[in-house]
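Please treat every number below as a calculation from the coordinates, not as lab data. These numbers were taken from a predicted model, which means no experiment stands behind them. Virtual Cβ from ideal backbone geometry, glycine too; neighbours counted across all protein chains shown.
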Amino acid sequence: MSEFQYEVQKINDTAFMVSEGFTTMFVLAGETQTLLIDCGLGVGDFQALVKTLAGDAPVTLAATHAHVDHIGGRGQFDEMAISAPEAALIRTCGASQRRRWLRRKQLTEHVSKEIRIRDEKKEPRVRIIKEGDTFDLGGGRVVEVMETPGHTKGSLSFYDRQQKILYAGDTVSSYLFLWLPHTATVEATLQSFYRMRSLDFELIWPCHHRRPFDRARFDGLVETLEQLAQKKNTRLPLVKKFVRNGNRVFYRTSLVREKN
Ligand SMILES: [Zn+2]
């Protein structure tokens, strides 16, 4: 079978979006260090691709959160940096979960049946990272770690201050999932959005749908959540869809806020 071909989009000379077709990851090629944000489900030779994009600088892998389509490819790396709450969930992203996830996509979203997960057995060392930690990529380019609960409670975002780009994982999306296990309240997600909005950014890159948010589009998402946050919690935890400004938020009616 031929090797899986990633789709690569150049954000600029030293930042690349890499897509598996369903999930997106990022390669930040610094002068002295390459930072990878997420590693996808793990269906291709990501390590080889990183070399062709970023050369031979040492590579550091950091994860936005422990969902199988974001850390499934970790077996190609020696170490993975992740938040403490997400590190506790890595075991839920093993080979069988990866295969199940891919099969579901193939059945429901016309993902090619030719695609197979790569079965690396290696489990990388875990390095815990938290708010305020940084990755120095050289040449004055420093990427800052932000704790941005939302899609999951332990979700991290990565802020490249020099390039004014925020990489926000699944916490920012026009198709926002706030209903899965380990999700934060709508209110807590909104607080993450306010912190993001206060940054000097030009683009926020989500990990799905291959299209960045500029400030106007992000403001629309903030407003969507502000309106949703007006609701009261229900006793029964139903999953509902809330639609505003072209955004869809799937949330648990019992998890709008901590307490009514
Ligand atoms: Zn996710």
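Relative to the longest principal Cα axis of the chain, at what angle does helix 95-108 sit, 0 to 90 degrees, rounded to 10?
70
Around Asp200, what is the net charge, scoring Lys/Arg as +1 and Asp/Glu as -1 over all other residues with Cβ under 9 Å from its Cβ? Mind dumping the intermediate values first?
Values: positive: Arg161, Lys164; negative: Glu202.
Once all neighbours under 9 Å are counted, the net charge is +1.
Which of the peptides 147-153, 231-237, 36-42, 209-215 is most tightly packed, and how do the rest follow, judged by the mean count of other Cβ atoms within 10 Å per residue? Walk me through the numbers before you get to the answer.
Working: 147-153: 24.1, 231-237: 11.6, 36-42: 26.9, 209-215: 14.3.
The most tightly packed comes first, giving 36-42, 147-153, 209-215, 231-237.
Treat the count of other C-beta atoms within 10 Å as a stand-in for reagent exposure and order Asp160, Asp56 from fewest to most. Intermediate values should be presented prior to the final figure.
Numbers: Asp160 26, Asp56 7.
Lowest count first: Asp56, Asp160.
Rounded to two decimals, what ratio of Rg to Rh does segment 7-147 give with C-alpha atoms and a Kirkwood Rh?
Numbers: Rg = 14.8 Å, Rh = 15.4 Å.
With Rh from the inverse mean 1/r over Cα pairs, Rg/Rh is 0.96.
Can you give the direction-averaged projected area of the convex hull of the alpha-carbon atoms in the chain, in nm²? Present the calculation step by step, with values, prior to reporting the outcome.
Numbers: hull surface 54.2 nm².
Mean shadow area of the hull around the Cα atoms is 13.6 nm².
Quick one: net charge of Asp136's neighbours, Cβ under 13 Å, K/R +1, D/E -1? Let's see the in-between values first.
Values: positive: Arg141, Arg161; negative: Glu31, Asp133, Glu144, Asp160.
Net charge in that neighbourhood comes out at -2.
Past 21 Å, Cα to Cα, is the threshold; run Lys105/Lys231; Lys130/Lys232; Lys10/Lys164; Lys130/Lys241 against it and keep the listed order.
Numbers: Lys105/Lys231 32 Å; Lys130/Lys232 31 Å; Lys10/Lys164 16 Å; Lys130/Lys241 31 Å.
Result: Lys105/Lys231; Lys130/Lys232; Lys130/Lys241 exceed 21 Å.
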